[in-house]
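Q: Handing you this structure, nothing more for now.
Values in this text are rule-based calculations from the coordinates and carry no lab data. Remember, it's a predicted structure, so these values are computed and weren't measured experimentally. Glycine also receives a Cβ, built like all others from the backbone with ideal geometry; neighbour counts cover every protein chain displayed.
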Amino acid sequence: MGYRIGYRHDPVHGALDMLGLEIKPIDIGAYRAGNVGIDYVTTFDSGRAGPHVMVAALTHGNEVAGAHALDFLFRQGIRPSRGRLTLAFVNVAAYHRFDPLDPTASRYVDEDLNRLWSDEILEGPRSSAELARARQLRPLLATVDVLLDLHSMHHPSPPLTLSGLTAKGRDLALRVGFPTTVVRDAGHVAGPRMRDYGAFADPDRPATALLVECGQHWQRATVAVAIETMLRFLIAAGAVSQAAVAAHLSRRTPQPPQVIEVTHAITIDTDGFRFVGDFRGLEVIREAGTLLAYDGDTEVRTPHPDCVLIMPSKQLSPGLTAVRLGRVV
């Protein structure tokens, strides 16, 4: 698709090569100033009426594929033909803390920035590096009509779109058409995501948001998925024409979409949570009552037949989501 991943030879990237990580952080310093008064946020205005479309990357600082995707968009000079397009590197403070010997540690500085998106939390008394950044971005986010938040996953797993529970989110995901697996989910007990903030989760308001898990954090293919998703999202949102980006789209044969509705989110209660198998995601467990995990002494079993496992986590701490369970609809 015209985007080559290249890095200078330096000690950090040498260490990363030794670890076998295919995707590495890139220098985003050129994008720091932006043009909206918020560091690492740039808006391009077409001068024509149309939606305000936003693509966000680095909501988690260790999920670097999204940074590669935004870099691609800047470098290729792709600009909106109508409305406005905002490109935002979100948790840059965490991104800059990257440690090649512990590459997942830069997910956040103080707390997960993608669990803070409610007025109650944002207007509350707490303070953290992530809350400060969320509060900085909040006024801009309130002007966005269509949002794409680019993420990646710990396990190698097929990419998927998390569309939320609204019909508008599902419909947008199907219009984008990639990834072809769409998950309708309510989010996390630990706190609401950016995708679910304000008008995005309100079925009676038109603003719509998608969160896309593009693949495993450190695989080169994840960058290709992030770019493909972003371009198809911009077409579906009405920001660019297909002709304008056709040269960068893959020639993949379209696959029929699959919509999975989350029926249960398994929240961890104890320090002793453990899966009984090496689950990676999108496994289909045919029989109801199949043992999946133990939470301390409590068994976690499939609640229904043909149960789909969605994004089993490696972060197994109390209060976090261990896995979501769903069924194809």
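Q: Roughly how many debye, to the nearest 20, is the charge dipole of the chain about its Cα centre, given +1 on each Lys and Arg Cβ, -1 on each Asp and Glu Cβ, and no other charges? Working shown, then result.
A: Details: 34 positive and 36 negative charges, 272 e Å.
So the magnitude is around 1300 debye.
Q: Also, quick follow-up: Would you mind ranking Leu316, Leu85 so that the residue whose beta carbon has the fewest other beta carbons within 10 Å leads the list?
A: Values: Leu316 18, Leu85 25.
Ranking Leu316, Leu85 by Cβ neighbours within 10 Å, fewest first, gives Leu316, Leu85.
Q: Stretch Ala33-Arg286 to full length: gain in nm at 0.36 nm per residue minus the Cα-Cα span?
A: Working: separation 253, 0.36 × 253 = 91.08 nm, distance 5.21 nm.
Extra length available between Ala33 and Arg286 comes to 85.9 nm.
Q: If all Cα-Cα distances of the range 262-328 are sorted into 10 Å bins from 0 onward, what percent lands in each bin, rounded to whole numbers?
A: The percentages, shortest bin first, are 24, 60, 16, 0.
Q: Counting other beta carbons within 10 Å of each Cβ, put Asp171, Asp145 in order, fewest first. Display every interim value, and only then the final one.
A: On the way: Asp171 13, Asp145 20.
Arranged by neighbour count, lowest to highest, Asp171, Asp145 become Asp171, Asp145.
Q: Pick the calculated Cα Rg over 2.2 N^0.38 Å for this structure from (1) 0.97; (2) 1.25; (3) 1.07?
A: Of the labelled values, this structure produces (1).
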